[in-house]
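FYI, it's all coordinate maths here, none of it is from the lab. A quick note: this is a predicted structure, and the numbers were derived from the prediction, not measured. Cβ placement follows ideal geometry from the backbone for every residue including glycine, while neighbour counts extend to all protein chains displayed.
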């Protein structure tokens, strides 16, 4: 089963107007507008395996389990959502997410399996001093 990344489409009216952009520009709440734009940008960027790998690498370096859970969720969303993956991968993600939220710890095997499904892998490098 091949995973299909999310595709962001802009629909235009017959006269060439982009309804979504007009709606977004009309929002008065700057925070909401910024959050929407950030999420759309994140989905676009995290479809690139190099961007996704760098993103997860930085989060792993930070060492915050909750941030790792959120980062994995963001990458999965950019790749089309968890429903795009086989049942075993879904199960690994759910186990990993539960462990991160409850215990703040991960099981290496679940993380490796999930990263593999996302086209990523763990690597060890020399620590920069």
**Report entry** Alpha carbon convex hull of the chain, volume per residue in cubic angstrom
**Finding:** 146 Å³
Query raised in the report: How far apart, in nm, are the 7 Å Cα→Cβ label points at residue 73 and residue 87?
Result: 2.5 nm
Requested in this report: Using a 10 Å cut-off on Cβ atoms, rank the peptides 108-117, 82-91 from the highest mean neighbour count down.
Outcome: 108-117, 82-91
Query raised in the report: How big is the C-alpha Rg of the range 48-117 next to the rule-of-thumb value 2.2 N^0.38 Å, as a ratio?
Result: 1.01
Requested in this report: Take peptides 13-24, 42-53 and line them up by average Cβ neighbours within 10 Å, highest first, as a rough protection proxy.
Outcome: 42-53, 13-24
